[in-house]
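Comments concern the structure below.
Every read-out reported here was derived from the displayed coordinates using simple, explicitly stated rules and does not represent laboratory data. The structure displayed is predicted, hence computed values, not measured ones. Glycine also receives a Cβ, built like all others from the backbone with ideal geometry; neighbour counts cover every protein chain displayed.
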Amino acid sequence: MQGAHAGQGAPAGAPAADGATGETAGESPMAVLAGRARKAARTLAQSSSSERDKALWAAASALRTASADILAANARDLAAYTGSEAFRDRLTLDAERVEAMARGLEAIADLPDPVGQVLDEWSRPNGLHIRRVATPVGVIGVIYESRPNVGADAAGLCIKSGNAVLLRGGSESVHSTRAIHAAIQAGLRVAGLPEDTVQIAPDADRRHVADMLAAAGLIDLIIPRGGRGLVERVQREARVPVLAHAEGLCHTYIHADADPAMARRIVLNAKMRRVGICGATETLLIDAAIAPGLLPQIVADLAESGCTFRADARAVGIVPDLPAATPKDFATEWLDAVLNVAVVDDVDEALDHIARYGSSHTEAIVTADEATAIRFMNGVSSAVVMWNASTQFCDGGEFGFGAEIGIATGRFHARGPVGVEQLTTFRYEVLGNGQIRA
């Protein structure tokens, strides 16, 4: 997994970060949009919290008003879609999901304003007063697949944190993306903020992704949301810093001291609530001491809900009908109703398995023993770790962020769900009264 990494510098002829307009002849459509976003970002960075909140409330209202139009646009996307059922679920909107997008924008509006927060301050012996202050990143590019609601979440979080955003949704969701974008821009107009604050790619041309990745000096941060292929391409080709995770290989470990009924509830939810999200558990690890009695019950619960399995030799020895797993299976993010199963001797063996196959996303332990839970939580390197809870709680809304723009699994800047605070950087403000340096 990778977190933000430095770009390689602006390409020859790229406009400067300050004053860039993206209007010069020969520039790509995305460079033109990014230049306009950069101008909007300067205005947005100077806007008040109340203005940004007004835009979010108005956008939420516009989403509700346009619900029928959004669902009609989504129906066009679904009619043309020929991919997997798991990704169809991600693409599908209904009245409840449109309402959830609107409520998400309102929840973001209700959050404290992250911009201008004094993160730390101190005085030096020479009388200088120094403070570290949260500031917007600038222009954020979001490249995402399938899930059209990502556009609303990204727009809301960027508006709240004072950032302009350039959205490139998947070709499969182009009509849905446009309908949602129209509602967001309506909210910006009501608040008197630049419509260029939130922009979308003009069409589904795949060249737009490459143009965004090359837009050093215009785009400050790229956040990809999608499958492993997309994220790996972004990390390989980007000349702009990237905040990303490649996949969600999440594990749930059932310790010998787990409450059996709790373990069954958690595993069923962690795997089957929504199988196509990155926080879904892909591998179940269970202690050998309790596996003979508990594993058959868990398998029965999951099978009744339509789950299939890949199991190691020890698990097959307990439930002979389970298909045998390969090492590749344990390294696979299924995003489907498929669960890997392995029997382990203890917490150390569970940690070894996670270290070998995990993706630093989210892990969970189910146990009544606090010391073991702490040992497990300290022993994983993942961005999120759960104790006696479903891995599907790894979500910005569930963390109280209103929404999220993605899950970051790198070690720098941001980890876990990325909300408004994670979309700010900082500057140092040094206040003096005439000091000069010797």
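The DSSP beta bridges internal to the chain are antiparallel in roughly 30% of cases. Quick check on the stretch 250-393: take the gyration tensor over C-alpha atoms, sort the square-rooted eigenvalues as a ≥ b ≥ c, and tell me if it's rounded (a/c under 1.5), prolate or oblate. Because its axes are fairly even, with a/c under 1.5, the stretch 250-393 counts as rounded. For Glu99 and Arg124, FRET efficiency with R0 = 41 Å and r from the beta-carbon atoms, rounded to 0.05? For R0 = 41 Å, the calculated efficiency reads 0.20.
By the gyration tensor of its Cα atoms, with a ≥ b ≥ c the square roots of the eigenvalues, what is the shape of the stretch 353-404: rounded for a/c under 1.5, prolate for a/b over b/c, or oblate? Cα axes put the stretch 353-404 in the oblate bin. Each part gets one Cα centre, and for the stretch 49-72 versus the stretch 366-435 those centres are 28 Å apart.
Counting helices only, and only those DSSP H runs with n ≥ 4, report the 222 nm mean residue ellipticity of the chain as the sum of -39,500 (n - 2.57) divided by its residues, in deg cm²/dmol to the nearest 500. Mind dumping the intermediate values first?
Working: 15 runs with 175 residues, N = 438.
One gets -12500 deg cm²/dmol as the mean residue ellipticity at 222 nm.
Just how large is the dipole of the chain about the Cα centre, in debye to the nearest 20, putting +1 at every Lys and Arg Cβ and -1 at every Asp and Glu Cβ? Don't skip to the answer; put the middle values down first.
Values: 41 positive and 53 negative charges, 304 e Å.
With Lys and Arg at +1 and Asp and Glu at -1, about 1460 debye.
If each residue's Cβ is checked for other Cβ atoms within 10 Å, how do Leu193, Leu188 rank with the fewest at the top? Don't skip to the end; give the middle numbers.
Working: Leu193 22, Leu188 26.
By the 10 Å Cβ count, ascending, the order reads Leu193, Leu188.
For the chain, a Gaussian network of Cα nodes joined below 10 Å ranks His413, His175, His129 by mean-square fluctuation, and the top entry is His129. The order of Val174, Val430, going from fewest to most other C-beta atoms within 10 Å of their C-beta, is Val430, Val174. Extending 7 Å from Cα along the Cβ direction at Arg265 and again at Glu106 yields two label points whose distance is 2.9 nm. For the stretch 208-239 versus the stretch 123-148, the spacing of their alpha-carbon centroids is 20 Å.
Looking at the stretch 382-438, the GluC sites (Glu not before Pro) that sit in a DSSP loop and have at most 15 other Cβ atoms within 10 Å of their own Cβ are Glu398.
For Ile374, Ile180, what ranking results if the residue with the fewest other Cβ atoms within 10 Å of its Cβ goes first?
Details: Ile374 12, Ile180 32.
Ordered from fewest to most neighbouring Cβ atoms within 10 Å, Ile374, Ile180 come out as Ile374, Ile180.
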